[in-house]
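Asks: The structure follows.
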Amino acid sequence: MKHTKSILPVIILSQFCCTALWFAGNGVINDLVVNFGLQESVLGHLTSAVQFGFIIGTLIFAVLAIADRFSPSKVFLFSAVFASLFNLGIIWQGNGLVSLLTLRFFTGFFLAGIYPVGMKIASDYYKVGLGKSLGFLVGALVLGTAFPHLLKDMFGALPWKTVLITTSILSVFGGFLLVVLVPDGPYRKSSKQNHLSACFSVFKIGEFRSVAFGYFGHMWELYAFWVFVPVMLKTYSLARPETVFNIPLLSFIIIGVGSLACVISGYLTQIVGEKKIAFIALLLSGVCCLLLPFMFAVEHESFFIGFLIFWGMVVIADSPLFSTLVAQNAPDNIKGSALTIVNCIGFSITIISIQCMTWLIELTNSNNIYSILAIGPLLGLMALGKKLPIFKKASV
């Protein structure tokens, strides 16, 4: 198909524009605390509200097989518009904690029609080279997630509402861009019925179950790391009065560099394969979890930042590979539902890890608490190593 090469850049740009909503609240968290009289610990709660909304959204989207029954591009547009409206609602001066949590919940709810549906659209166009394609797509998600931190740095002297208005406009633009330029893919198999049982029966497939559990371990660590990157930077600088960090800019760099890692891992899969790269990336990020408490004692700030940048790369490098493996091991007629339910469970896990970290930070000032993030990679590696032929060729 002649137009296929132009499809991926459009999906990538649209995904970037829409997923900027994800951490929009995080990018202006200090302003929200001041303007609405919130506690500083609200960061974890607001992020968890988005995650919880995403979980409920993905569950409903999966059970009703929305992305398999209806045009994925139109589902994407509908979700982008509504997510942007709820994101924009944060600028209302009458907000309180409950209304802010509600707005973030519904933003997350409609993100369920953006992130997994974007992957579904890509899988409808690319059978060969899906790992590389999803590498670019998840890279767009990472940049979108980090973008509010950059906006906050760029517009630090302007009203904080600029960040929220800008991200909402980007989301609407991304939705319309996709629906206009990306029709339903040639490999799409439409389903005319709900898959009430397919969401969970797909876990009976051994390899699907193995890669899904590897993904769940990856998710335990990923969003907790992203959420608390500014906290890590602040903790390090407070212990050294002579150290002054531009936390919004550094947060953007540390999180955003993961987009490059996604692209690189996507290309590496064409040489090594998805399973090996996913295993290696998960192993390295797990080691970073264990090393972080010791890094706070390092006197050279550039070394500390370099460590976080490296972690920011390996923590996300396996994400597009897990999505590729999930898509490859799911039946075509329920691929959209399979991707969505795996996302649903994965993001449920992120709430637990984020809330655990929030509770531990309130309980103690020990930096050893970050070691619990290693639990996810450890269990994920066990799931991958148990079922998949990672370091040897599978027998024919």
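Asks: Within the range 268-283, how many residues are touching a Gly at 6+ places or on another chain (Cβ under 6 Å) and either surrounded by fewer than 18 Cβ atoms within 10 Å (Cβ to Cβ) or of a type in the set (A, V, I, L, M, F, W, C) (or both)?
Replies: Of all residues in the range 268-283, those touching a Gly at 6+ places or on another chain (Cβ under 6 Å) come to 269, 274, 282.
Filter once more, keeping what is either surrounded by fewer than 18 Cβ atoms within 10 Å (Cβ to Cβ) or of a type in the set (A, V, I, L, M, F, W, C) (or both): 282.
Residues meeting the conditions: 1.
Asks: Here is a check on your reading of the model: is residue 82 of a type outside the set (Ser, Thr, Tyr) and at pLDDT 90 or above?
Replies: So residue 82 fits the description; yes.
Asks: I've got another one for you. Looking only at the range 31-63, filter to residues that are of a type in the set (Val, Ile, Thr) and farther than 23 Å from residue 340 by Cα; which one of those is surrounded by the most Cβ atoms within 10 Å (Cβ to Cβ)? Talk me through it step by step, then tell me what you get.
Replies: So in the range 31-63, the residues of a type in the set (Val, Ile, Thr) come out as 33-34, 42, 47, 50, 55-56, 58, 60, 63.
So of that shortlist, the ones also farther than 23 Å from residue 340 by Cα come out as 33-34, 42.
On the way: 33: 15, 34: 10, 42: 19.
It comes out as 42.
Asks: Here are 61, 105, 109, 76: which of them is touching a helix residue (DSSP H, G or I) at 6+ places or on another chain (Cβ under 8 Å), part of a helix (DSSP H, G or I) and within 18 Å of residue 227 (Cα to Cα)? Even if it seems obvious, please write down each step before you answer.
Replies: Numbers: 61 fails: within 18 Å of residue 227 (Cα to Cα); 109 fails: within 18 Å of residue 227 (Cα to Cα); 76 fails: within 18 Å of residue 227 (Cα to Cα).
One residue alone meets the criteria, 105.
Asks: Just the residues that are within 21 Å of residue 335 (Cα to Cα) and either crowded, with 24+ Cβ neighbours inside 10 Å or touching a Lys or Arg at 6+ places or on another chain (Cβ under 9 Å) (or both), please, taken from the range 78-108.
Replies: First, the residues of the range 78-108 that are within 21 Å of residue 335 (Cα to Cα): 78-79.
Scanning the range 78-108 gives a single hit, 79.
Asks: Please work out if residue 122 is closer than 13 Å to residue 327 by Cβ, aliphatic (A, V, I, L, M) and at pLDDT 80 or above.
Replies: yes
Asks: Within the range 258-293, count every residue that is within 15 Å of residue 375 (Cβ to Cβ), within 20 Å of the chain's Cα centre (by Cα) and not hydrophobic (A, V, I, L, M, F, W, C).
Replies: Final tally of qualifying residues: 2.
Asks: Scan the range 214-251 for residues that are in a helix (DSSP H, G or I) and either on the phi > 0 side of the Ramachandran plot or acidic (Asp, Glu) (or both) and jot them down. Outline the logic, then answer.
Replies: Step one: filter the range 214-251 for residues in a helix (DSSP H, G or I), giving 214-238, 247-251.
Correct list: 221 only.
The values are calculated or read from the model by the stated rules, or taken from the named source; none is laboratory data. This is a predicted model, so every value here is computed, not measured. For neighbour counting, all protein chains shown are included, and Cβ atoms are generated from backbone atoms with ideal geometry for every residue, glycine included.
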